[in-house]
Amino acid sequence: MSARISVRLAKGLKPTKKILTMTPNAVSHLKGLHEKFSIQNDEKFLKIGIQGKGCSGSAYTMNWVDKPNKFDEKVVQDGVTVFIDSKALLSLIGTEMDYFSGKLASQFVFNNPNIKGACGCGESFMV
């Protein structure tokens, strides 16, 4: 005996969770970086992705690109535009991006609710 399953998606549905939100510190720092790396009419866009590396399996990537790929997701918040690599979308849903600046280090910090584990140094994670 076999069963047929039919799935029909409703038009106009929007996701209930944002893919990425940015703290005021992250927005402020990204605005400064964008001004620094966008030269005259040659606008650059920040693209966030995930790459397989590290002892836990995955690490975040941040690159400046001239234009996003066709299926990259655009995130706009407080005048800052960031693109999310289409391959990283499911892993980043609900993530908060923050910027930390201390005496010894300054870095972007991703508070990702989808992470199941991370390495001791904090450079890589497992989803």
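The values are calculated or read from the model by the stated rules, or taken from the named source; none is laboratory data. All values reported here derive from a predicted model rather than from experimental measurement. Backbone-built Cβ (ideal geometry, glycine too); neighbour counts: all protein chains shown. We work out accessible area using only protein heavy atoms, side chains counted, and drop any ligands, DNA or RNA first. Shrake-Rupley method; radii C 1.70, N 1.55, O 1.52, S 1.80 Å.
Enumerate the strands (runs of 3 or more DSSP E) found wholly within region 63-109, keeping only those where 1 or more residues are open to solvent by 40 Å² or more (accessible area, probe 1.4 Å), over 14 Å from residue 28 (Cα atoms) and touching a helix residue (DSSP H, G or I) at 6+ places or on another chain (Cβ under 7 Å).
Answer list for region 63-109: 73-77.
Using the structure shown, decide if residue 16 is among the polar types (S, T, N, Q), within 16 Å of the chain's Cα centre (by Cα) and either at pLDDT 85 or above or open to solvent by 90 Å² or more (accessible area, probe 1.4 Å) (or both).
Judged against the criteria, residue 16 is not a match.
Name the single residue, out of those in region 110-127 being modelled with pLDDT of 80 or more and in a loop (DSSP other than H, G, I, E, B), that is nearest to residue 24 (Cα to Cα).
112
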